[in-house]
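Read the figures in this text as sums done on the coordinates, not as results from a lab. Predicted, not measured: the structure shown is a model, and the values here were computed from it. Heads up, the Cβs are rebuilt from the backbone with ideal geometry, glycines too, and the neighbour counts pull from every protein chain shown.
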């Protein structure tokens, strides 16, 4: 495969297809492979292992063999579907540019994705996590504002790291965010997030910025914009300090935001708008989460939900007393 063609493809994803940096990174790994994690499972690594040196040698049978090989490697259906999406995207680009004919693509179905329920925090866990932040230092105030906003807004980590100060309307408790596909939306926040952000902007951020003219909302020492990895470390730090046993990551706070809204009676389409989902079906997964949670609460709390042998002992029916 010519490096020049692949470089042009990546430029197409960024400039024309408006793909996010996260998508471009995943497609790169899925096609080229990630050599840092054991045996390479990238599509082009597979082609090399089969002695296929030219893209013209790829057809439906090769793709099917690749899928079978991935299954044999224990790769999940979700990961296989993503890898095939990357392959299809690349060959559609080649066909669109007239580099080669990939008419066989229409005969390559995507495997059904596994429908996993999003993991989320309970209200008590959120309170513990926020309470674990020591706000006596400028960085502590920053971290508290960051966590408050992640939970209050449901922002993606890529969205919160790209936020600039001028996108905030603190008095209106809202902000303008650019999400996937460069789509703009208005995101709301509650009073706790508003209050902590005001404190961060007036007391903490000027000290952290050290005179830097950066317009980024969340910064590290010297005024450098926080990276997604830095945000992930901050979330992990305070989840551990809070004693939360489950693995917590930034996107879990987005799941928590959506789940708690629906549990509180919010309309599904409102949640869709706030999350920036283009399809309602994407948001509907959270209704399964809330139903699952409701069932757990019911089974734990309702006296008639328990089996006969699980009922509390030592209780005597009124008519039996005194016998």
If 182, 59 are placed from fewest to most neighbouring beta carbons inside 10 Å, the sequence is 182, 59
Along the Cα→Cβ direction, 7 angstrom out, place labels at residue 236 and residue 165. What is the inter-label distance in nm? 3.1
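State, as an integer percentage, the relative contact order of the chain based on alpha-carbon contacts under 8 Å between residues 6 or more apart. Walk me through the numbers on the way to the answer.
Working: 340 pairs, mean separation 48.1, N = 323.
Taking the mean separation of contacting Cα pairs over the length of the chain, I get 15 percent.
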Can you give me the pair-distance distribution of segment 1-92, C-alpha pairs, 10 Å bins, whole percents? 15, 53, 30, 3
If you wrap a convex hull around the C-alpha atoms of segment 75-173 and split its volume per residue, what is the figure in Å³? 211
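Could you tell me the calculated FRET efficiency between residue 53 and residue 88, based on Cβ-Cβ distance and R0 = 22 angstrom, to the nearest 0.05? Mind dumping the intermediate values first?
Working: r = 21 Å, r/R0 = 0.97.
Given R0 = 22 Å and the Cβ-Cβ separation, E is 0.55.
Multiplying the sequence separation of residue 300 and residue 73 by 0.36 nm and subtracting their Cα-Cα distance, what value in nm do you get?
Values: separation 227, 0.36 × 227 = 81.72 nm, distance 3.99 nm.
My answer for the length gained is 77.7 nm.
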When the distances between all Cα atoms of segment 123-300 are binned every 10 Å from zero, what whole-number percent does each bin get? 9, 37, 37, 14, 3, 0
Would you mind calculating the relative contact order of segment 132-251 from Cα pairs under 8 angstrom and at least 6 residues apart, reporting the percent as a whole number? 28
Would you calculate a helix-derived [θ] at 222 nm for the chain, using -39,500 (n - 2.57) for each DSSP H run of n ≥ 4 and dividing by the full residue count, to the nearest 500? -16000 deg cm²/dmol
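Could you give the length gained by full extension between residue 228 and residue 101, i.e. 0.36 nm per residue of separation minus their alpha carbon distance, to one decimal place? List each step's numbers first, then the result.
Working: separation 127, 0.36 × 127 = 45.72 nm, distance 3.85 nm.
My answer for the length gained is 41.9 nm.
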